[in-house]
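The values are calculated or read from the model by the stated rules, or taken from the named source; none is laboratory data. Bear in mind the structure is a predicted one, so any value in this text is a computation, not a measurement. All Cβ positions, glycine included, derive from the backbone under ideal geometry; neighbour counts span all protein chains shown. SASA here: full protein model, heavy atoms, side chains in, ligands and nucleic acids out. Shrake-Rupley method; radii C 1.70, N 1.55, O 1.52, S 1.80 Å.
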Amino acid sequence: MSNDPLLQPYQLKHLTLKNRLMITSHEPAYPEDGMPKDRYRAYHVERARAGVALTMTAGSASVARDSPPVFNNILAWKDEVVGWMKALADECHDHGCAVMIQLTHLGRRTRWDKADWLPVVSPSHEREPSHKAFPKKAEDWDIARIIEDYADAAERMKAAGLDGIELQAYGHLMDQFWSPLTNDLDGDYGGSLDNRLRFTFETLKAIRARCGDDFIVGVRYTGDEELAGGLTREDGLEISRRLKDSGMVDFLNVVKGHIDTDAGLTDLIPVQGMRSAPHLDFAGEIRAATQFPTFHAAKIQDVATARHAIASGKLDMVGMTRAHMADPHIVAKIMRGEEDRIRPCVGANYCLDRIYQGGMALCLHNPATGRELEQPHVATRAETKRRVVIVGAGPAGMEAARVSAERGHEVIVHEAANDPGGQVRLTAQTSRRAEMIQLIQWRFEECKRMAVEFRFNSFADKEIVLAENPDVVIIATGGLPHTEVLAEGGALVVSTWDILSGDAKPGENVLIYDDAGDYAALQAAERIAATGARVEIMTRDRSFAPEVMAMSLTPSMRELQKRDVTFTVTWKLDAVRRDGNSLLAVIGSDYGGVSRERHVDQVVVNHGTRPLDDVYFDLRPESSNLGEVDYEALIAGHPQKMTRNENGNYQLFRIGDAVAARNTHAAVYDALRLCKGL
Ligand SMILES: Cc1cc2nc3c(=O)[nH]c(=O)nc-3n(C[C@H](O)[C@H](O)[C@H](O)COP(=O)(O)O)c2cc1C
Ligand code: SF4
């Protein structure tokens, strides 16, 4: 047996967890009609099959009608959930993976205009900045009703054959009772700590009465709100002891901080560029103080840190949640001695940000995650070996090369630069976003292992490509910044790429006109402001950086506000003119009737990219499919078989930004779904 601390079993009451790695509760927003159906099950089963010991399903599964989901959570208040959870649990159990679920009442962390339009309820009228609903103050009948709702939901999960549950108590109703900031009830449920914990212990009692002592029940809670007037570290320790001493709780799952604002949420769940494992020591302190089973997750992305968390006795079970989204096969790879092949989570937080934006969790780096029913995490071998020539080694080209090589094809990649990476390489130049380069490095290592041939410094034109005698050509040449958006003065502006690459020296008084709303404008602003320059970001949109979602924005805002960068919304740049030594920016508005002028010394335009597609159009006439993609086949997961030119002897495809400016996820998804059928 291995002596790897991570691979040692852990005994939690009567339940043997086969190793120390768990997936903490996270709602990927995959439910259909509030139920964890086939897609949901496939997502968890993929990870169970690969060896994770415990999967804490859902994330904020709702126990009551007046806790309507804000991002498509499981509706644990419905009886029909039992059948779906049973199917999921049974299949995960078949792979030796324990299954639990997180139950909650969101309290004020939701909205009244969702689902049944019931008023939001909380122990005070204080609204949560993030969701903005003004709650009703809980009455005695609300409290009694919700306690029963928790017990009903727990009973359903026991009936579904789950190994246990955890109750969510950070930012939700349970700890809204705990915190002096969100509880101004009089009487039995407000005031002293005893009273503020009463709701929790009455809920636990009701759950135990229904589910018995054998069912595992844990609490995931904040041990320190890190908010003036909120729960302190001492309160957290006291609550931890009381949870243990109650005899009704089997494990503590510790987090640190608060989630009522985007910035708070980002500190609790750190993203790219933030410290690794920032709350691990704190969780370790709680374990040391309580000597009780302690679980924890927060940016423990790599196996070495996870191993340290267990070996040093800070944790009993270590959560690697986003890490398992990026690579579901972590445990299998550890067991096979292939740790260096784990696809690293780069902390881009596309997964989590998307659910708040109303979408479903998708991984920027792994397009098969959440698409287990259609897309493979490991591509199958093709029946016929083909010669695949790829032009461009950005994310799309690298994914195309990796998947084609996994299929067993002979793969040749031409790249004009002397390194792979494309736009990602530029992004990773901002030190806060340096982790992004792993997205390329991982693919590069995989490709090298599978003997993909790379031809760097090769600006491939039609002749060079055809000289390779390809069966398939994939154009992944990306795009170039497009700045021709002004009525006048296009030649006087620079692009965000010019700033990020260092081709343009930052000015001293700079206007950034952001007409794309993505990260590039913020990164350029950061780079310019760091020189001490005055920077204004202007957009014609109603809000700035609409494509940069909440948590990803947090570290950027911290930098930009520190440097007094200003944001101007609903104004647009119409023209730029030279005026002596400076530039005159002519500013208008989509709303009409106004015009302003401003002197600056540099104008930066961010307006996405235009495809770099010459080689594609040169190769098109001689290809068998004339570049056409059969979308029906692509979506159905079938190979591309279209013939438009009987004389053509190679298939030609275009992917990523070489088609149209999109994002990294779109680029790698284009590549995977095309190449898995080649
Ligand atoms: C898509 C997504 C949804 C999440 N939803 C929940 C949730 O509903 N409840 C919860 O306690 N944590 C939730 N989390 C937080 C995770 O459980 C975990 O604490 C966090 O991702 C940090 O761990 P990691 O760095 O290993 O990913 C969510 C995380 C993700 C990525
Ligand atoms: S989107 Fe980014 S943070 Fe989320 S799992 Fe993928 S790599 Fe990790």
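Which residue out of Thr496, Thr531, Thr477 is of a type outside the set (A, V, I, L, M, F, W, C), more than 30 Å from Gly408 (Cα to Cα) and in contact with a helix residue (DSSP H, G or I) (Cβ under 9 Å, 6 or more places away or on another chain)?
Checking each option against the conditions leaves just Thr496.
Taking into account only those residues within region 1-60 that are touching a helix residue (DSSP H, G or I) at 6+ places or on another chain (Cβ under 7 Å) and of a type in the set (Gly, Ala, Ser), which is nearest to ligand 1 (Cβ to nearest atom)?
Ala29
What helices (runs of 4 or more DSSP H) completely inside region 300-411 contain at least 2 residues that are more than 10 Å from ligand 1 (Cβ to nearest atom) and without any contact (Cβ under 8 Å) to a residue 24 or more places away in the chain?
In region 300-411, 303-311 are the helices (runs of 4 or more DSSP H) which contain 2 or more residues that are more than 10 Å from ligand 1 (Cβ to nearest atom) and without any contact (Cβ under 8 Å) to a residue 24 or more places away in the chain.
Consider Leu6 carefully, then state whether it is in a helix (DSSP H, G or I), within 24 Å of Leu315 (Cβ to Cβ) and not aromatic (Phe, Trp, Tyr).
In short, yes.
For region 150-168, does any single residue satisfy the condition of being out of contact with any helix residue (DSSP H, G or I) (no Cβ under 6 Å at 6 or more places or on another chain), among the basic types (Lys, Arg) and open to solvent by 20 Å² or more (accessible area, probe 1.4 Å)?
no
Taking Lys18 as the residue in question, decide whether it is farther than 22 Å from Ala306 by Cβ, surrounded by fewer than 24 Cβ atoms within 10 Å (Cβ to Cβ) and more than 16 Å from ligand 2 (Cβ to nearest atom).
no
Between Gln357, Gln429, which is more than 30 Å from Ile464 (Cα to Cα), modelled with pLDDT under 95, away from ligand 2 (no atom under 16 Å from the Cβ) and not acidic (Asp, Glu)?
Gln429
Looking only at region 258-273, which residues are closer than 26 Å to Ala428 by Cβ and either among the hydroxyl-bearing types (Ser, Thr, Tyr) or touching an Asp or Glu at 6+ places or on another chain (Cβ under 8 Å) (or both)?
Thr266, Asp267, Gln272, Gly273
Out of Thr261, Thr222, Thr232, Thr290, report the one residue that is among the hydroxyl-bearing types (Ser, Thr, Tyr) and more than 20 Å from Leu193 (Cβ to Cβ).
None of the other options fit; the residue is Thr261.
Scan the helices (runs of 4 or more DSSP H) fully inside region 495-564 and keep the ones with 1 or more residues being surrounded by fewer than 17 Cβ atoms within 10 Å (Cβ to Cβ) and of a type in the set (Gly, Ala, Ser).
By residue number, 496-501.
Does region 336-354 hold any residues that are within 11 Å of ligand 2 (Cβ to nearest atom) and of a type outside the set (A, V, I, L, M, F, W, C), and which are they?
The answer is Arg343, Pro344, Gly347, Asn349, Tyr350, Asp353, Arg354.
Can you run down the residue pairs with Cβ atoms below 7 Å, 6 or more apart or on separate chains, where the first is in region 47-61 and modelled with pLDDT under 95 and the partner is assigned to a loop (DSSP other than H, G, I, E, B) and within 8 Å of ligand 1 (Cβ to nearest atom)?
Close Cβ pairs satisfying both conditions: Gly59/Ser25; Gly59/His26; Gly59/Glu27; Gly59/Asn73.
How many residues does region 130-144 hold that are open to solvent by less than 80 Å² (accessible area, probe 1.4 Å), of a type in the set (A, V, I, L, M, F, W, C) and more than 13 Å from Gly190 (Cβ to Cβ)?
Residues meeting the conditions: 2.
Which ones in region 324-335 are touching a His at 6+ places or on another chain (Cβ under 9 Å) and surrounded by fewer than 18 Cβ atoms within 10 Å (Cβ to Cβ)?
none
Conditions tested, residue by residue: (1) within 23 Å of Pro546 (Cβ to Cβ); (2) without any contact (Cβ under 8 Å) to a residue 24 or more places away in the chain.
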{"site": "Asp590", "(1), (2)": "yes, no"}
{"site": "Glu597", "(1), (2)": "no, yes"}
{"site": "Gly608", "(1), (2)": "yes, no"}
{"site": "Phe617", "(1), (2)": "no, yes"}
{"site": "His638", "(1), (2)": "no, no"}
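Select from region 280-299 the residues that are part of a helix (DSSP H, G or I), surrounded by fewer than 20 Cβ atoms within 10 Å (Cβ to Cβ) and touching a helix residue (DSSP H, G or I) at 6+ places or on another chain (Cβ under 7 Å) and list them in ascending order.
Ala289, Thr290
Within region 304-323, track down each residue that is within 16 Å of ligand 2 (Cβ to nearest atom) and open to solvent by 10 Å² or more (accessible area, probe 1.4 Å).
Thr305, Thr321, Arg322
What number of residues in region 52-101 are open to solvent by less than 10 Å² (accessible area, probe 1.4 Å), polar (S, T, N, Q) and outside any loop (DSSP other than H, G, I, E, B)?
Total satisfying the criteria: 3.
Quick grid of which residues meet (1) part of a helix (DSSP H, G or I); (2) open to solvent by 10 Å² or more (accessible area, probe 1.4 Å):
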site: Glu238; (1), (2): yes, yes
site: Arg242; (1), (2): yes, yes
site: Gly247; (1), (2): no, yes
site: Asn253; (1), (2): no, no
site: Asp260; (1), (2): no, yes
site: Ala263; (1), (2): yes, yes
site: Thr266; (1), (2): yes, no
site: Pro270; (1), (2): no, no
site: Ala277; (1), (2): no, yes
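If His329 passes every condition in (1) within 25 Å of Ala428 (Cα to Cα); (2) within 16 Å of ligand 2 (Cβ to nearest atom) but one, which one does it miss?
It fails just one condition, (1).
Do we find that Gly422 is open to solvent by 30 Å² or more (accessible area, probe 1.4 Å), in contact with a Pro (Cβ under 7 Å, 6 or more places away or on another chain), under 16 Å from Val668 (Cβ atoms) and among the small types (Gly, Ala, Ser) in this structure?
yes
Being within 16 Å of ligand 1 (Cβ to nearest atom) and either within 28 Å of Gly479 (Cβ to Cβ) or modelled with pLDDT under 95 (or both): is that true of Glu435 here?
Against the criterion (within 16 Å of ligand 1 (Cβ to nearest atom) and either within 28 Å of Gly479 (Cβ to Cβ) or modelled with pLDDT under 95 (or both)), Glu435 qualifies.
When residues of region 434-463 are filtered for being among the polar types (S, T, N, Q) and in a helix (DSSP H, G or I), how many remain?
Result for region 434-463: 2.
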